[in-house]
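One structure is given here, and the rest of the page talks about it.
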Amino acid sequence: MKNILFLLPVLVCFACGKAELKEPVIYEGPLREIENMDLFYSENSSVKVKMKAALVYEFTNGDQEFPKGIYLEFYDAFGQLESTLSANHAFYFKADKQWRGRGDVVVKNLLKQEQLNTEELFWKPEQEKIFTDKFVTIRQQGDVIYGEGLEAKQDLADFEIKRVTGDFEVKDDEL
């Protein structure tokens, strides 16, 4: 009887076996969450860019996600509003110093009364350049240009559409 009482705890210990060690779960989600963000970027004491976003996620690598969209205003050296950019969803890739807007992406050049619409657009702020390989629509005064793929200045002052279609007027003095 004494031997049985001694063997019972030993058998219970062997029956349990070794405890399984699990790899720790690494959290890859946002480290910080910002609501109702208004950001101003200025140079030489004049505002160059205003940014508004309802929600921003910041990640450990410096990337930022704007899941509820983004709205940007671009100003000239005299503080005059030149152009705007809006998107339903945006993402900033810190390593590439590049932005991506998705959804209903709209760029407006207010001075020239031009508007670009596309479903995806990339922006490189340091180069002041926007580009896409997706379908684009550009509305100018009286003209609508369609195409696939675009490279442009961020304010649409100068642009190149890769594969152009659409109806637009060419004046004799432009030939």
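Of note:
- Test: residue in segment 109-120 that is surrounded by 15 or more Cβ atoms within 10 Å (Cβ to Cβ), more than 23 Å from R163 (Cβ to Cβ) and in contact (Cβ under 8 Å) with a residue 12 or more places away in the chain: yes
- Output for segment 128-170, where each listed residue is modelled with pLDDT under 90, among the polar types (S, T, N, Q) and within 22 Å of the chain's Cα centre (by Cα): Q154
- Restricting attention to segment 51-74, the residues being over 12 Å from the mean Cα position of the chain (by Cα), in contact (Cβ under 8 Å) with a residue 24 or more places away in the chain and within 18 Å of V106 (Cβ to Cβ) number 2.
- Leading residue by the ranking (modelled with the lowest pLDDT) among those in segment 69-127 that are of a type in the set (F, W, Y) and touching a Phe, Trp or Tyr at 6+ places or on another chain (Cβ under 6 Å): W123
- Of all residues in segment 113-134, those satisfying the criterion of being under 19 Å from L81 (Cα atoms) and aliphatic (A, V, I, L, M) are L116, I130.
- Residue under evaluation F66, criteria (1) over 16 Å from D155 (Cα atoms); (2) surrounded by fewer than 15 Cβ atoms within 10 Å (Cβ to Cβ); (3) among the hydrophobic types (A, V, I, L, M, F, W, C), criterion not met: (2)
- Close pairs from segment 143-156: first in contact (Cβ under 8 Å) with a residue 24 or more places away in the chain and farther than 15 Å from E128 by Cβ, partner exposed (fewer than 15 other Cβ atoms within 10 Å of the Cβ) and among the small types (G, A, S), Cβ under 9 Å, at least 6 apart: D143/G166; V144/G166
The values are calculated or read from the model by the stated rules, or taken from the named source; none is laboratory data. Because the structure is a prediction, the values reported are computed rather than measured. Virtual Cβ from ideal backbone geometry, glycine too; neighbours counted across all protein chains shown.
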